[in-house]
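The values are calculated or read from the model by the stated rules, or taken from the named source; none is laboratory data. Only a predicted model underlies this, so the values are computations on that prediction, with no experimental measurement involved. Virtual Cβ from ideal backbone geometry, glycine too; neighbours counted across all protein chains shown.
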Amino acid sequence: MFAYLQKNLSKVFFWLMYLGDPPWDTGVTPPELTAFIESHEPGRALDVGCGTGTNVITLAKHGWQVIGVDFVQRAIRTARRKIRRARVNADVHVGDATKLTGIEGPFDLILDIGCAHILKGERQRAYLENVQRLLAPGGTYLTYAHQPVEPDEGHGLSEADIENYAAALNLVKRVDSSEGSGRPSVWMWFEQKKDA
């Protein structure tokens, strides 16, 4: 029952935040994604937790075939308007990151900026299984996540969570930092195992 309430409170929180301009939706593609685009040939990409589509559009402008998914319908409506204005080909859907129903891989890139760090327990395991299922052999999973400030905090990817990801995928690079607020955060580049 608690997990059900927590999941739905999260949806209400994000729905309310998208009534305005959420602080995480800056409209700016991060330099980590820009560097990735500059060093890789275009392919198929999936942006999980795509919000209003900023990074979907950036990828599409650089020749990527992109699908974006977010569970906030208002964010997806805004993303569709932005995609039309940008005159790029991209597809965005309302969907649950732990299910990704109707999404067919493989993807050369799966991007997640701030989605996985809100998932816990079984939801996070289901999410990681979807990443493994959809990522092409040798494909890249590029993710940005908060880390917990307190050991038992419900928000953020803990070191144990990161170890689970590294057991499922090959960790290529990790850059620890902190946001302006001082919250610890991490960028990670994983690759799908070749035999997956």
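Computed quantities for the displayed model
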read-out	value
Hits in region 29-48 (condition: surrounded by fewer than 23 Cβ atoms within 10 Å (Cβ to Cβ) and touching a residue at least 40 places away in the same chain (Cβ under 8 Å))	PRO30, GLU32, LEU33, PHE36, HIS40, GLY43, ARG44
In region 114-141, residue farthest from the chain's Cα centre (by Cα) [restricted to those that are surrounded by fewer than 21 Cβ atoms within 10 Å (Cβ to Cβ) and within 14 Å of MET188 (Cβ to Cβ)]	LEU128
Elements of type strands (runs of 3 or more DSSP E) contained in region 69-179, each with 2 or more residues being closer than 21 Å to HIS40 by Cβ and touching a residue at least 60 places away in the same chain (Cβ under 8 Å)	107-113, 135-146
Options LEU171, LEU142, LEU135, LEU111: the member that is of a type outside the set (Lys, Arg), at pLDDT 95 or above and farther than 25 Å from THR52 by Cα	LEU171
Checklist (1) touching a helix residue (DSSP H, G or I) at 6+ places or on another chain (Cβ under 6 Å); (2) under 16 Å from LEU109 (Cβ atoms) applied to ALA86, failing item	(2)
